[in-house]
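Structure first, commentary second.
The values are calculated or read from the model by the stated rules, or taken from the named source; none is laboratory data. Given the structure is predicted, the values throughout are model-derived calculations rather than measurements. Backbone-built Cβ (ideal geometry, glycine too); neighbour counts: all protein chains shown. Remember, those area values only see protein heavy atoms, side chains included, never the ligands or the DNA or RNA. Shrake-Rupley method; radii C 1.70, N 1.55, O 1.52, S 1.80 Å.
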Amino acid sequence: MKQTSIAGLAATVLAISALPARAADTDAYRWDKAAIYADQAAFDADEAKAKKQLADFERCKGTLGQSTQQFKSCMDEYADILKRVYRLNSYASQTNDEDTSANVGIELAQRAGVLASDMESATAFVNPEVLALGPARVDAMLEADKSLAIYRHPLDDIVRMAPHTLDKEGEELIATYSLTGDAASNIYGALSSADMPWPKVTIGGTEVSLDQAAYTKYRAVPDRAGRKQVFDAFWGKWKEYERTFGATFYEMLKRDSVDAKVRKYPDSLSAALDRNKVPREVYDQLIEQARANLPTLHRYFKLRAEMLGIKDLRYYDIYVPLVESKQKFSVEDSIEATIAGAAPLGEEYVAALSKGLRSGWMDAYPRPRKRSGAYMNGSVYDVHPFVLLNHNDDYESLSTMSHEFGHAMHSYLANSSQPFITADYPIFTAEIASTTNEVFLLEHMLAVAKDDDERLLYLGSALENLRATFFRQAMFADFEREVHAQVDKGGSMTGEALTRLYTDILKRYHGDAEGVLKIDDLYGIEWAYIPHFYNHFYVFQYATSITAGTAFAERILKGEPGAREKYLGMLKAGGSRYPYELVKDAGVDLASPEPYRALIGRMNKIMDQIEAIRAKGKTG
Ligand SMILES: [Zn+2]
C-alpha cells in the first residue's frame, strides 16, 4: 500500500496492532522521525511558518495572469506550501501511528488536519484561475520564462479540464452542493464499521464476536466446518442489512452519474478514468482479459482443492493457506532477502535500497497500540521515504517488506530526480514498483530454497497473490462497470438487484456452473462489504499494476536490452507525465492484451512448478 499524502489521515479508520511487543524492537528498527523535525519545537515553528505562508498567499488571488514574474512567484510559493504541509502532515500521522493512544500524536494529527483543510481553502482559487487564463496565455508564460518548465505537466493537467468545467456560477453551485456529496459513504462507514451488531460464533471452544477484523482472521481456520460457520454467520448478518446497504450504494451510484453528467462526460467510468487521463481501453481490456482467462483461475481452484484434499470446493475454502509453514524470518532475514531479491535492478538501486533498509526508513516491529498493517509514505520530499511494517517473522512479513520497499525506492528515485511538484505519482503507477519487486523476491527465494516444502510455500503465496490482486480486483472492476452503467442509463438499483448481479459475477469468475467452486447464494451479499466500491473505479489499478509489474520484472529477468533502464526511468519520472503514457513508453501497453497474457502465463508457470513438485512427492 502506498499512503497518499493528505487523504490518508482523515479517511483511514485506524486499526491497532494486536501483536505483542518484541525484545528486538530497538532503535535500529525504528524510523528516524527526527530527520523530519528534531523536536516538537521544530514542528511548531514550521507549522507557524506554514500558517503565515497561507495567509500571505492571499496576495496571489486574482493576480496569476498579471505578469509572468507574478505567476512564477505564486507557483513557487504554492509548491513550497504544499511541500511544507505534507511534511508536517507526515510527522503528525507517523507520530500518531507509532502509538495511536498517545495524546501527543492525536493532537498533532488534529492540528495537521486543520492545516490541510486551511491549505485547501487558501489555495482553492489556483486551479480555476489557471483554467481561466487558458492554454494560450499559460503557454506564452512558459515560453517567456524557461524556469517555469517544471510546472508544464501540472498546468496541463489543470488546463485540460476546461471542457469539463462550468462557468463561475455553475462551479459555485457545484461547490455548494458538494457539501452533501459524501452522504452515502459516511452512512456506509458508520453502519459497516460501528453500528453493525456483529454475530457471535464459537470457535475452538471460545466465543468470538465476528467483526470485520475477526472475520479476516477466522475465515482462514484449518477446520472446514469452522470456516463455513464463520462465513454463514458473517454473511448472514450483512444479508439482514441488504436493503439499507443497497439504498446507500444506489445513492452513491446516482451521485457519480450526476457528477459525470454535470461535468459533460459520457458516463461515470469515463469521468473517473479522466482524473488520471487513463484511456477507457485499459479498463475494458483488463476485464476482457480477466474473463477470457478464467480457465487459469479455475485451474488454480482445482489445484487448491487437490492440495487441501477437498472434493467439493466452496467459497469458504479460498482463504485457508495452501501450505502450512512454521518457517521463521527475522527482520534481519527479511532485510537480506529484500536486498538480494532486488539484484536484477542493478548496483546503484541495490546500494540505495540497502542504505534505506539500514538508516531509519522503517518502523519494523509490532507494538501494543501501534497502527496495524503496512504502508509507505514518500511525501517528506527533502528527507527520505518512511515505511511502517508490523513484521511478524513469517514469509508474508518478508514479502510485505519487499513490497513496501518497492514503493519506497520508487519515491526515493522520483524525489531525487524530480522537482517537488512532479515527484508524487498516482495510484495507477504506484503499485507497479511494489509488485515488480515481489516477482524478483519470489525468483530469489526459489533459487535459495533448501527443499520442496519451502518452494511450495513461496509458489503458493505468489499464486494466491495473483488470485487476490489480479482476478479478484478485475472481478470487482467488472461489477463496478456493470452497476454504474445501469444507473448511468437511468436504471434503478436495489440491494436485492445488487446481490443478484454480484452473485452472477461471483459465480462466473469462480466456475460455479463448471463445478469448479460452488458459491452459496447467501455469499452474494459480499458486495456490501467492499468499502472500495465507495471509491469508484479505483481497484482496477491493483490488477493493472500487478500486470505491468510482472511484465517489467520478466523483461528485466530475461535481460532484455534496455528493459531495466526504461523501467528505472519510469520510476524516476514520478508524476511528471500522465501515468498510462509513462508505463507505455517504458514498454508495457496496458490497453493491449500482451501484458495480461504474460501475467496469465506466469500464473500457469507457477502452477506447473507446484504440480511438478507434487508429482515428485507422489513418485519419490
Ligand atoms: Zn502497495
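If you average the sequence gap of Cα pairs under 8 Å that are 6 or more apart and divide by the length of the range 25-126, what percent do you get for the contact order? Intermediate values should be presented prior to the final figure.
Numbers: 65 pairs, mean separation 28.3, N = 102.
Result for the range 25-126 is 28 percent.
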query = What lysines sit close enough to K370 to cross-link, taking a C-alpha to C-alpha distance under 23 Å and skipping anything fewer than 8 places away on the same chain?
reply = K2, K33, K217, K328
task = For K168, go through the lysines and keep the ones whose alpha-carbon is under 27 Å away, minus same-chain ones fewer than eight residues off.
result = K61, K72, K254, K261, K264, K277
task = Name the lysines eligible as straight-distance cross-link partners of K518: C-alpha to C-alpha under 18 Å, and not fewer than 8 places from it in the same chain.
result = K228, K302, K311, K507
note = The alpha-carbon center of the range 156-234 and that of the range 116-132 are separated, in whole Å, by 30 Å
query = Which percent, to the nearest 5, of DSSP beta bridges fully inside the chain are antiparallel?
reply = 65 percent
request  = Rounded to the nearest 10 degrees, what's the angle between the helix 168-177 long axis and the longest principal axis of the chain, both from Cα atoms, 0 to 90?
outcome  = 40 degrees
inquiry  = Placing +1 on the Cβ of each Lys and Arg and -1 on the Cβ of each Asp and Glu in the chain, which of Y567, A351, A497 has its Cα farthest towards the positive end of the resulting dipole?
reply    = A497
remark   = For the chain the mean separation of alpha carbon contacts under 8 Å (6+ apart) over residue count, i.e. relative contact order in percent, is 21 percent
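Between rounded, prolate and oblate, where does the range 334-451 land on the alpha carbon gyration tensor, with a ≥ b ≥ c its root eigenvalues, rounded for a/c under 1.5, else prolate if a/b exceeds b/c?
Numbers: a/c = 1.82, a/b = 1.24, b/c = 1.47.
Cα axes put the range 334-451 in the oblate bin.
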message = Using only Cα atoms and rounding to the nearest 10 degrees, what angle (0 to 90) does helix 280-292 make with the longest principal axis of the chain?
response = 0 degrees
request  = Please name which of A136, Y538, W235 has its Cα lying farthest along the dipole of the chain towards the positive end, using unit charges on Cβ (Lys, Arg +1; Asp, Glu -1) and the Cα centre as origin.
outcome  = W235
The chain - charge dipole about Cα centre, Lys and Arg +1 at Cβ, Asp and Glu -1, debye rounded to 20 = 880 debye
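What order do you get for 553-565, 68-80 when each peptide is scored by the mean count of other beta carbon atoms within 10 Å, highest first? Intermediate results must be reported in sequence, preceding the final value.
Details: 553-565: 15.4, 68-80: 17.2.
Packing proxy ranking, top to bottom: 68-80, 553-565.
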message = Applying a 10 Å radius around every beta-carbon, put 81-90, 43-52 in order of their mean neighbour count, most first.
response = 81-90, 43-52
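Computing the accessible area with a 1.4 Å probe over protein heavy atoms, can you report the carbon and sulfur percentage for the chain?
Numbers: 14010 of 26330 Å².
Roughly 53 percent, rounded to a whole number.
State to the nearest 20 debye the size of the charge dipole of the range 480-620 about its Cα centre, where the only charges are +1 on K and R beta carbons and -1 on D and E beta carbons. Intermediate values should be presented prior to the final figure.
Values: 19 positive and 19 negative charges, 138 e Å.
So the magnitude is around 660 debye.
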inquiry  = Let me check I've understood the local charge: for D118, count other residues with C-beta under 14 angstrom from its C-beta, Lys and Arg +1, Asp and Glu -1. What total comes out?
reply    = +1
ask   = How do 448-455, 493-500 rank on mean C-beta neighbours within 10 Å, highest first?
value = 493-500, 448-455
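Calculate, for the range 422-541, the solvent-accessible area per residue in square angstrom, rolling a 1.4 angstrom probe over the heavy atoms of the protein chains.
32 Å²
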request  = Using the Cα centre as the reference, give the magnitude of the dipole from point charges on the C-beta atoms of the range 347-455 (Lys, Arg: +1; Asp, Glu: -1; all else neutral), rounded to the nearest 20 debye.
outcome  = 580 debye
request  = Using Cα pairs closer than 8 Å and at least 6 residues apart in sequence, work out the relative contact order for the range 461-620, in percent.
outcome  = 24 percent
ask   = Which ³J(HN,Hα) values, rounded to whole Hz and listed in residue order, are derived for the range 450-461 from phi using the Karplus coefficients 6.51, -1.76 and 1.60 in 6.51 cos²θ - 1.76 cosθ + 1.60 with θ = phi - 60°, glycine and proline given as x?
value = 8, 8, 5, 4, 5, 4, 4, 4, 5, 5, x, 5
